[in-house]
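Chemist: I'd like to ask some things about the structure below.
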Ligand code: ZN
């Protein structure tokens with residue numbers, strides 16, 4: 001297994017609708033294992049394929065990462081077939097380092113997907129698992145959690161995020177120049 005590089009916002013990969021997966025082969029199985037590895041090493045509880053630069057419909061989710069992988073799910077072509085209720089939760093995203101915002105979601109969802117063996121998964125989820133699966137499926141549709149905020153909130157939060165990133169990049173450049181000059 002290997003850690004894959006994360007795609008960071010703004011990147012068009014995160015705004016692109018992903019294609020259905022039509023063939024379950026070893027390459028896909030290896031890719032999903034690498035996604036899970038990347039998710040754990042990045043301390044995330046969910047990861048969608050476009051976040052590691054593949055515009056295909058699969059996600060990994062583990063909302064209890066301290067259970068040693070027992071609650072890990074690989075979902076291929078996941079679909080929410082039914083949903084109920086409302087909930088609000090402060091979400092973050094591995095593609096938006098340092099950013100968090102309260103997002104409204106459905107409270108309970110009914111999900112269908114394929115697993116790594118090609119078996120059909122059909123289950124209901126609520127709580128953090130339901131929130132996480134909705135967040136990751138949004139990624140497959142080119143939607144990020146900031147797109148779930150109202151226009152004013154989105155504008156403000158993205159302005160601050162991009163300003164912070166520009167500052168971080170400037171700092172990194174200064175560091176690199178110092179390193180080259182041995183100061
Ligand atoms: Zn995300």
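The values are calculated or read from the model by the stated rules, or taken from the named source; none is laboratory data. Owing to the predicted nature of the structure, the values given are computational and were not obtained by experimental measurement. Here Cβ is always computed from backbone atoms with ideal geometry, including for glycine, and neighbour counts include all displayed protein chains.
Okay, residues lined up against (1) surrounded by fewer than 18 Cβ atoms within 10 Å (Cβ to Cβ); (2) within 12 Å of the ligand (Cβ to nearest atom); (3) within 13 Å of residue 95 (Cα to Cα); (4) without any contact (Cβ under 8 Å) to a residue 60 or more places away in the chain:
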{"position": "147", "(1), (2), (3), (4)": "yes, yes, no, yes"}
{"position": "155", "(1), (2), (3), (4)": "yes, no, no, yes"}
{"position": "161", "(1), (2), (3), (4)": "no, no, yes, no"}
{"position": "167", "(1), (2), (3), (4)": "yes, no, no, yes"}
{"position": "172", "(1), (2), (3), (4)": "yes, no, no, yes"}
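Chemist: Right, something else. Just the residues that are out of contact with any strand residue (DSSP E or B) (no Cβ under 6 Å at 6 or more places or on another chain) and closer than 14 Å to residue 59 by Cα, please, taken from the stretch 114-132.
Modeler: Hit for the stretch 114-132 is 129, nothing else.
Chemist: Exactly one condition in (1) surrounded by fewer than 20 Cβ atoms within 10 Å (Cβ to Cβ); (2) in a loop (DSSP other than H, G, I, E, B); (3) touching a residue at least 40 places away in the same chain (Cβ under 8 Å) is false for residue 69; which is it?
Modeler: (3)
Chemist: Do we find that residue 90 is in the same structural domain as residue 138 (by TED's automatic domain parsing) and closer than 16 Å to residue 1 by Cβ in this structure?
Modeler: no
Chemist: While we're here: If you check residue 69 against the conditions, is it more than 12 Å from the ligand (Cβ to nearest atom) and out of contact with any strand residue (DSSP E or B) (no Cβ under 9 Å at 6 or more places or on another chain)?
Modeler: yes
Chemist: Could you list, in sequence order, the residues of the stretch 13-41 that are within 11 Å of the chain's Cα centre (by Cα) and either farther than 21 Å from residue 71 by Cβ or surrounded by fewer than 16 Cβ atoms within 10 Å (Cβ to Cβ) (or both)?
Modeler: Hit for the stretch 13-41 is 14, nothing else.
Chemist: Working only within the stretch 37-56, note down all residues that are in contact with a strand residue (DSSP E or B) (Cβ under 8 Å, 6 or more places away or on another chain) and more than 15 Å from the ligand (Cβ to nearest atom).
Modeler: The answer is 56, and nothing else.
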